[in-house]
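Single-structure report; data block below.
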Amino acid sequence: MSLRSPLGAALGHGSARSGPAHGWNQRLSALALVPLGLWFLCALLALPDLGHATVVAWIATPTTAVLLLLFALLSLWHSLLGVATIVEDYVHGPVVKTASLLALQAAHGVAALCVIVAVIAILGGSAR
Amino acid sequence: MTQFHLPAGSRYRDVPGRSHPAPAGAQRVREFRIYRWDPESGQKPRIDRFEIDLDACGPMVLDALLKIKNEIDPTLTFRRSCREGICGSCAMNIDGVNALACTCAIADIRGAVRIFPLPHLAVTKDLVPDLAHFYAQYAAVEPWLKTRTPPPPDRECLQSPADQERVDRPSACILCACCSTSCPSYWWNSDRYLGPAALMAAYRWVVDTRDEAQGERLDALEDPFRLYRCHTIMNCVAACPKDLNPARVIADLKRRVGDRQH
């Protein structure tokens, strides 16, 4: 049992002097994903079929590659911001919390690298 | 990890409660199911059932609680004072919703009236929760006027009627804790998240034109947990017995903190 005063516990270690950027980034990425998501859906529906050759040929144009990279990277960024919040909300042990956040960042980082390499490879012709 | 379930042995379903039937000849009988627990007794929590004759009872839930305490079971413990919705003492969870027992009409509740203490607070006894941390969070936002300009020697600090209107609504908060204890973010992170009530109190001074510490106040709130753990769930708005809008106040605080960045 701690004899720390309730006010001392409420004040804790003070303010971290951060926070607005997270919410701003989450809303900004969400807004950007609306037109990009619509574009992605419409573009896929407009393809004659979803076979490997057709989709690779579609990605191999510079406009598609740029928009696809934007869509995938923003989705991953938005996802990381969201799941990190869930971990911060519900995981309270400092070790497990830090490990979970690092694992999430690593997983999203690896996924982002895979997307970039894949699109560049298709664009450069090495993946056809 | 967050604990989603009560510890083993503390669930009220483990122990049968006591039943108090209505008096003979009662015409309009309503059942009240009330959470009972005395942590110092060593016994587990239970739900007691009381059948009340509404023809011999006032119209509000607090009237029924007082009738039970005065006539049936004097050990029933709860807070109450003004009995007209201005002191905030009788806040409790009634029929699944945080409310003031004195302004909650029995007629508005269907079936048995289920009464529990405010959720996610330590229980002192029966319907009395421990509000020490809640009040400490209120104190932590320093809810008093802070100025650097010395007050005029011959009068008080003046405020225009329009400026006063800005603090009218946030000043109406009675600190009953209905909002904070209805907020899931507060349930899981009340050690760091200030909660809607304390943020409403902070806002009341941030928008006060006589106060000269807005910057310091916003500095103290600029934190991923203290302010930004609000995820706009809006339970606070539904729970407030004074019809205040803590969610809008928190959004305005976030906007004011964010506006300093650009």
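Taken together, the values in this text are just the output of simple stated rules run on the coordinates, not laboratory data. For clarity, every value in this text was computed on a predicted model and none was experimentally measured. Quick reminder, even Gly has a Cβ in these numbers, built from the backbone with ideal geometry, and neighbours come from all protein chains shown.
Residues in segment A:12-23 that are within 7 Å of chain B (Cβ to nearest Cβ), surrounded by fewer than 16 Cβ atoms within 10 Å (Cβ to Cβ) and either outside any loop (DSSP other than H, G, I, E, B) or in contact with a Leu (Cβ under 6 Å, 6 or more places away or on another chain) (or both): A:His22 only. Only residues that are under 17 Å from B:Gln214 (Cα atoms) and assigned to a helix (DSSP H, G or I): list them for segment B:143-170, please. Residues satisfying the conditions are B:Asp163, B:Gln164, B:Arg166, B:Val167, B:Pro170. Every residue in segment B:176-200 that is surrounded by 24 or more Cβ atoms within 10 Å (Cβ to Cβ), part of a helix (DSSP H, G or I), within 14 Å of chain A (Cβ to nearest Cβ) and not aromatic (Phe, Trp, Tyr), please. Across segment B:176-200, the qualifying residues are B:Ser180, B:Gly195, B:Ala197, B:Ala198, B:Leu199.
Among the residues of segment B:222-255, write down those that are touching a residue at least 40 places away in the same chain (Cβ under 8 Å), closer than 17 Å to B:Phe134 by Cβ and within 14 Å of chain A (Cβ to nearest Cβ). Matches in segment B:222-255: B:Arg229, B:Cys230, B:Ile250. If I ask for residues that are surrounded by fewer than 17 Cβ atoms within 10 Å (Cβ to Cβ) and in contact (Cβ under 8 Å) with a residue 12 or more places away in the chain, which ones from segment A:88-103 would you list? Once the filter is applied, which keeps residues that are surrounded by fewer than 17 Cβ atoms within 10 Å (Cβ to Cβ) and in contact (Cβ under 8 Å) with a residue 12 or more places away in the chain, segment A:88-103 yields only A:Leu101. No other residue among A:Leu67, A:Leu44 is in a helix (DSSP H, G or I), over 18 Å from the mean Cα position of the chain (by Cα) and more than 27 Å from B:Trp188 (Cα to Cα) apart from A:Leu44.
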